[in-house]
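The values are calculated or read from the model by the stated rules, or taken from the named source; none is laboratory data. Computed from a predicted structure; not experimentally measured. We place every Cβ from the backbone using ideal geometry, glycine too, and count neighbours over all the protein chains shown.
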Amino acid sequence: MILYPAIDLKDGRCVRLLRGDMDKATVFGEDPAAQALAFQKAGCDWLHLVDLNGAFAGAPVNADAVEAILAAVEVPAQLGGGIRDMR
């Protein structure tokens, strides 16, 4: 079995939304790259990243946080949220 730990990004922070409500976010961490590295050190082989701002805006918003995560870890990541085309 492969587990994909998810890092949901809102305003550059790691969050969880209550019932998908952007106004009801619980912040779990201020440093998404540190969280990603912790998942990697715990043995995870993949990451799942979600740009929540981007999903609601229709275009990527948390690119800085995503880039920081990708620079910090060696495991592959899948990304969703705000991606509408290949540009």
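Can you tell which of Glu30, Glu67 is in contact with a Lys or Arg (Cβ under 6 Å, 6 or more places away or on another chain) and not aliphatic (A, V, I, L, M)? Reasoning before the result, please.
On the way: Glu67 fails: in contact with a Lys or Arg (Cβ under 6 Å, 6 or more places away or on another chain).
Criteria check complete, one pass: Glu30.
State which residue pairs qualify: first residue free of Cβ contacts under 8 Å to residues at least 60 places away in the same chain and inside the range 15-28, second residue of a type in the set (Phe, Trp, Tyr) in any location, beta carbons under 9 Å apart, and separation of 6 or more residues or different chains.
Filtered contacts from the range 15-28: Val15/Phe28; Arg16/Phe28; Met22/Phe56.
Determine the pairs where a residue that is more than 17 Å from Asn53 (Cα to Cα), located within the range 67-86, has a partner that is acidic (Asp, Glu) and part of a loop (DSSP other than H, G, I, E, B) with Cβ atoms under 7 Å apart, the partner being 6 or more residues away or on another chain.
Val75/Asp45
I need the full set of residues from the range 3-43 which are modelled with pLDDT under 95 and closer than 14 Å to Ala72 by Cβ, in order please.
The answer is none; no residue qualifies.
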